[in-house]
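Notes to accompany the following structure.
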Amino acid sequence: MIPSERNVEGRALRTGRRRALASALAYSAPPAATLLIGGLAWELWTRLSAVPEYIVPAPSAALGRLASDPAYFAGEGAVTLGEALAGFLLGAGVALMGATLMAHSRFIERSLFPLAILVKVTPVVAVAPLFVIWFGFGPIPKALIAALITFFPVLVNGVTGFRSVDRGALDFMRSLRASRLEIFLKLRVPSAAPFVFAAFRVAVPLSVIGAVVGEWFSGDRGLGSIIIVAHSNLDMPTLFAAILTLSAMGVALTAIVSAVERKALFWHESHEEL
Amino acid sequence: MNGYGSARVEIMDVSKSFDMGDDRLDVLNDVSLDVARGEFVCLLGPSGCGKSTLLRLIGGLIEPTSGQIRVAGRSPTEAQAEKALGFVFQEPALLPWRTVAANVRLPFEVNRRRGASCERGVERLINLVGLEHYSDYYPRQLSGGMRQRAALARALAVGARVLLMDEPFGSLDEITRAAMRYELLKIWDADSKTVIFVTHSISEAVTLSDRVAVMSSRPGRISGVVDIDLPRPRASGMEREPDFLSYSRTLHDLLLQGGME
Ligand SMILES: Nc1ncnc2c1ncn2[C@@H]1O[C@H](COP(=O)(O)OP(=O)(O)O)[C@@H](O)[C@H]1O
Ligand SMILES: [Mg+2]
């Protein structure tokens, strides 16, 4: 409308971007420094106190083990990651389909939601042995456990999200005689995205937990079974190396989800750059 | 302007009640109003008297309990299917993940009406509301007045013949609001839609309308209809003319009578 208004907005966007970069640094530098100091203190303590390595290994020992055979940890990590991601995709997919049905019908919601809560309150660890019996020693039971653990948060946020539609926008669509499908695709899905991404941020690390728990019960692949074997051998450096690999995986996955979320939800107030 | 023209709106003995558990809330009682093609009518009344409900009835978003509504001789549902209705709400209700242009394109997309002619249509509408430099902006990057312009362009898309406006300038500041009134009149002059405009501002009603239907509450009904015989085009400054003031006083008295009962 007024040309100067445009320039002001352009400038605001640019400084906003710079500020976002600065704030990313401001957020990542302190924890990195804390981690470094904590690691050094730990290293120093294990050397000075001569605590046996089979109780607490020095960080250098754990990192050394990691560096001695990176392909081994990466390979087993990939197994765990594959199970977790397959489970996440399955759990999230089923949850989103369920949420779609529930958001459109109170009857379906009333029929299915109590079952979903039953799934939620049943500790996944308790059903894990059952899955081994049913689905064998391969990756399938692990992925299923990961799926089960992913399911509930995505379902709940999906239902809430599909229903959290702006009343005026919905009325506008209805005044055009838009079909249910059009309203779903053009309105409900984008409106639900912030809720669904919030669930993903919770569910992605959970799916890794699911895969690791599954590996504890059966099979000889993945970081979970490395941990079990290392534990029974009191091989602490290997155990810690596996844990470190899992942490790194968690950080990377969370970062990826956040990055995708920032791209997809650029319009949402939670990603306001201004 | 886009060849779709305007449509007559007939409201015949319409009543509306809402079921509230065991209770029944009578919101509208025997409302009748005939709005001619191309006419600009304001619904003026205190909040809670059922103005929005009446507008939603005309728009086919809810069904009357009794009585009938005709838009261009057809039911509101048929009018919806023909894309004859253009809603503008108090909140712009734009889709925040779409640019201005994409928001205006939305009505063309519904029921698959996209095409080259649609792109031209979108561009023309955006120019019409004065947002030509902002088609690629997202709603949150716009001021309140600009968002409401975008919402107006969206409502005009596809060729709505009746504009249903529910306090569209209600959340704007006084200065923007005054400017938007004349802006709307300019667009209406060029496009000659039938407009039904809800407001609780007397001066807004006098400035805009050919006729003002004054509503009173509990249950909501039309307590009087006043013809506003002021020359067009209307221009700012008219608020101080004696005729304007006398219409304002008439409406004020009608509103008070309704409220006294
Ligand atoms: N869907 C609904 N269910 C129950 N009551 C409603 C509904 N819509 C509106 N009402 C009631 O109808 C009355 C009139 O509302 P409304 O039409 O929004 O008034 P106005 O727009 O004039 O302020 C209010 O008392 C409101 O609570
Ligand atoms: Mg209202």
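Every number here is computed from the coordinates shown, using simple stated rules; none is lab data. Keep in mind that what you see is a predicted model, and the values were worked out from it rather than measured. Heads up, the Cβs are rebuilt from the backbone with ideal geometry, glycines too, and the neighbour counts pull from every protein chain shown.
Hey, what did chain B get for relative contact order, percent, Cα under 8 Å, at least 6 apart? List each step's numbers first, then the result.
Numbers: 510 pairs, mean separation 69.3, N = 261.
Computed value for chain B: 27 percent relative contact order.
All other residues with a Cβ under 14 Å from the Cβ of B:Arg177 taken together, and with Lys, Arg as +1 and Asp, Glu as -1, what is their net charge?
Details: positive: B:Arg147, B:Arg149, B:Arg181; negative: B:Glu167, B:Asp173, B:Glu174, B:Glu183, B:Glu204, B:Glu239.
Here the charged neighbours net out to -3.
Just need the Rg to Rh number for region A:159-266, please, alpha carbons only, Kirkwood Rh.
Details: Rg = 21.2 Å, Rh = 16.9 Å.
Radius of gyration relative to Kirkwood radius: 1.25.
What does the extension gain come out to for B:Ser192 and B:Glu241, with contour length at 0.36 nm per residue minus their alpha carbon separation? Display every interim value, and only then the final one.
Working: separation 49, 0.36 × 49 = 17.64 nm, distance 2.56 nm.
Length gained, B:Ser192 through B:Glu241: 15.1 nm.
In the neighborhood of A:Phe113, defined by Cβ-to-Cβ distances under 14 Å, what is the net charge if each Lys or Arg adds +1 and each Asp or Glu adds -1?
Numbers: positive: A:Arg106, A:Arg110, A:Lys120, A:Arg163; negative: A:Glu109.
Charge balance in the 14 Å sphere: +3.
Hey, any idea what Rg/Rh is for region B:24-116, computing Rh the Kirkwood way over Cα pairs? Don't skip to the end; give the middle numbers.
Working: Rg = 15.7 Å, Rh = 15.6 Å.
On the Cα set of region B:24-116, Rg over Rh gives 1.01.
Taking +1 at the Cβ of each Lys and Arg and -1 at the Cβ of each Asp and Glu, which of B:Ile222, B:Leu256, B:Val195 sits farthest along the dipole of chain B towards its positive end, judged by Cα position relative to the Cα centre?
Towards the positive end, the residue furthest out is B:Val195.
To the nearest 10 degrees, how steep is helix A:70-104 against the longest Cα principal axis of chain A, on a 0 to 90 scale?
30 degrees
Mind checking which of A:Val132, A:Val56, A:Val121 has the largest fluctuation in a GNM of chain A, springs on alpha carbons under 10 Å?
Among A:Val132, A:Val56, A:Val121, the largest GNM mean-square fluctuation belongs to A:Val121.
Residue-wise, which Karplus ³J(HN,Hα) couplings in Hz belong to region B:240-246, taking 6.51 cos²θ - 1.76 cosθ + 1.60, θ = phi - 60°, and x for glycine or proline?
Each residue's phi maps through the Karplus curve to give 9, 5, x, 4, 4, 5, 6 Hz.
Under the definition of Cα pairs under 8 Å and six or more residues apart, what whole-number percent is the relative contact order of region A:57-271?
Working: 269 pairs, mean separation 65.6, N = 215.
Over region A:57-271, the number comes to 31 percent.
Could you tell me the convex hull volume per residue, in Å³, taken over the Cα atoms of region A:57-271? Please list the in-between numbers first.
On the way: hull volume 28.9 nm³, N = 215.
Residue-normalised Cα hull volume stands at 135 Å³.
Taking 22 Å as R0, compute the FRET efficiency from the Cβ-Cβ separation of B:Met12 and B:Asp229 and round it to 0.05. Spell out each step's value before the answer.
Working: r = 26 Å, r/R0 = 1.18.
About 0.25, to the nearest 0.05.
So which of A:Lys186/B:Lys83; B:Lys16/B:Lys51; A:Lys186/B:Lys193; A:Lys186/A:Lys263 end up more than 22 Å apart, counting from Cα to Cα?
Violating the 22 Å Cα-Cα cut-off are A:Lys186/B:Lys193.
With θ set to phi - 60° and the Karplus curve 6.51 cos²θ - 1.76 cosθ + 1.60, what are the ³J(HN,Hα) couplings of region A:155-160 in order, to the nearest whole Hz, using x for Gly and Pro?
4, 4, 5, x, 4, 4
Give a residue-ordered list of calculated ³J(HN,Hα) values for region A:232-246 (Karplus: 6.51 cos²θ - 1.76 cosθ + 1.60, θ = phi - 60°; whole Hz; x for Gly, Pro).
Here the 3J(HN,Hα) series is 6, 8, 6, 8, 4, x, 5, 4, 5, 4, 5, 4, 4, 4, 4 Hz.
What does the average come to when, for each residue of peptide B:88-96, you count the partner chain Cβ atoms lying within 10 Å of its Cβ?
Working: counts 2, 6, 1, 4, 4, 8, 4, 9, 9.
Across B:88-96, the average partner-chain Cβ count within 10 Å equals 5.
Net charge within 12 Å of A:Thr245 by Cβ-Cβ distance, Lys/Arg positive one each and Asp/Glu negative one each, not counting A:Thr245 itself?
Details: positive: A:Arg65; negative: A:Asp69, A:Glu76.
The answer is -1.
Out of residues 5 or more away from B:Phe87 or on other chains, whose amide H comes under 5 Å of its own, with H placed 1.01 Å from N in the peptide plane?
B:Leu164
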